[in-house]
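Reading through the structure tokens given below for one structure.
The values are calculated or read from the model by the stated rules, or taken from the named source; none is laboratory data. In this text, all values refer to a predicted model and were calculated from it rather than measured experimentally. Virtual Cβ from ideal backbone geometry, glycine too; neighbours counted across all protein chains shown.
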Amino acid sequence: MHLSKCLVYSVWLCLLCFSGNVLATLAAGDYEFSVSMHGDKRPYLAHVPTQSQPGKALPMVLVLHGGMGNMQVQASERFYHQLSASEKYGYIVVFPNGYSRLPGGKFATWNAGNCCGPAVKKQSDDVAVIRAIIEDMQQRAEVDSKRIFADGMSNGGMMSYRLACELSVTISAIAAVAGTDNTQRCQPSKPVAVLHIHAKDDDHVPFEGGKGQQSMADVSFNSVPATIQKWVQINQANPQAERILEVPGAYCEIHRGGLAPVQLCVTEGGGHSWPGGSKPRGGEAGSSAISANDVIWQFFNAQGR
């Protein structure tokens, strides 16, 4: 009996070794975990779609909330519909929480370079936090390491640019919605595909740059054209854009070639919002001309293969 038990244990141990991930056991469902970095405990939410099955590695998308928001707001189906997008397209979605001085993690911000708020004042090491969350999820779920992506709203979109600059060895592509590149330095060690979505009438992060009339941050933001030009140069993409979508109220164009593509989608209306979603403050709808979730996944799905 003793030898039999030893044999069973040995077989089980070998299976774990071959799996390459001892703790990759998460079933479909919703979870809350946390990581600690420099004494800063950060919670995050995770959703594993029903398409998950043992032995099948899934893509993972990290979704970063806007300034003064939190992970619960970004994960809300009422505003952003990202849980349903995870189910529709079959990827793991993770909602990290930014730096907050409050015990519950509300009113959080990201240190995205020149913005925003308490996270910048504290010089919060949010890149290290995101790296720790990715590594934590890789121990918990079967994640396709070649298909890890990040997107974000406003300050979260700005943070996604910082991740592209400093976490390029891990992240294959980013998408920023209503948040331009305000990094102070950027030297990615690997190419990162970039998608930017912005409304022409954004009054928080103006399309042409500067301080937004309704912005809560005292920051002069970089413009959308300057952001696109910067990443076209970094990715050595074709300076000439190709129009790939034109619908009433929106268009998308892409710079192909080089090391990685750079895509821009512009909506005429919707203001400072997530196209296809609703604004948490005020309950107004974003632009309905395009769905940010659909456009983002189409872009991500073409990368990291």
Discussion item. I'd like to verify a number: residues in the range 172-183 that are in contact with a strand residue (DSSP E or B) (Cβ under 7 Å, 6 or more places away or on another chain) and either surrounded by fewer than 24 Cβ atoms within 10 Å (Cβ to Cβ) or touching a residue at least 60 places away in the same chain (Cβ under 8 Å) (or both), how many?
Written reply: 7
Fill in: Scan of the range 287-305 for residues that are part of a loop (DSSP other than H, G, I, E, B) and either crowded, with 16+ Cβ neighbours inside 10 Å or at pLDDT below 95 (or both), ordered by number
S287, A289, I290, S291, Q303, G304, R305
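Within the group A75, A85, A46, A57, which residue is modelled with pLDDT of 95 or more, aliphatic (A, V, I, L, M), more than 23 Å from H272 (Cβ to Cβ) and within 15 Å of the chain's Cα centre (by Cα)?
Answer to the selection: A46.
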Worksheet item: Out of curiosity, is G29 exposed (fewer than 14 other Cβ atoms within 10 Å of the Cβ), at pLDDT 95 or above and either out of contact with any Asp or Glu (no Cβ under 9 Å at 6 or more places or on another chain) or within 23 Å of Q298 (Cβ to Cβ) (or both)?
Response: yes
Worksheet entry | Among residues of the range 210-252, those that are at pLDDT 95 or above, of a type in the set (A, V, I, L, M) and surrounded by fewer than 16 Cβ atoms within 10 Å (Cβ to Cβ), counted | 4
Response to the item:
Here the qualifying pairs (Cβ atoms under 6 Å; residues six or more apart or on different chains; first in the range 254-277 and in a loop (DSSP other than H, G, I, E, B); second buried (at least 19 other Cβ atoms within 10 Å of the Cβ) and aromatic (F, W, Y)) come out as W274/Y80; G277/F79; G277/Y80
Practice prompt. Within the range 177-200, identify whether any single residue is modelled with pLDDT of 95 or more and part of a helix (DSSP H, G or I), and answer yes or no.
Written response: no
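Looking at R131, R140, which one is among the basic types (K, R) and under 16 Å from the mean Cα position of the chain (by Cα)? Break it down stepwise before answering.
Details: R140 fails: under 16 Å from the mean Cα position of the chain (by Cα).
The conditions single out R131.
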Fill in: Among the residues listed as V93, V127, the single one being at pLDDT 95 or above, hydrophobic (A, V, I, L, M, F, W, C) and closer than 23 Å to Q298 by Cα
V93
Worksheet item: In the range 105-149, what residues are touching a Lys or Arg at 6+ places or on another chain (Cβ under 7 Å) and acidic (D, E)?
Response: E142
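Might you check whether a residue that is among the basic types (K, R) and either farther than 24 Å from V192 by Cα or touching a residue at least 40 places away in the same chain (Cβ under 8 Å) (or both) occurs anywhere in the range 123-138? Steps first, answer last, please.
Here is the first cut: in the range 123-138, the ones among the basic types (K, R) are 131.
The next check asks that each one be either farther than 24 Å from V192 by Cα or touching a residue at least 40 places away in the same chain (Cβ under 8 Å) (or both); those that pass are none.
No, the range 123-138 has no match at all.
It is to be established whether one or more residues within the range 249-258 are under 27 Å from V120 (Cβ atoms) and acidic (D, E).
Filtering the range 249-258 for residues under 27 Å from V120 (Cβ atoms) gives none.
Checked the range 249-258: no residue is under 27 Å from V120 (Cβ atoms) and acidic (D, E).
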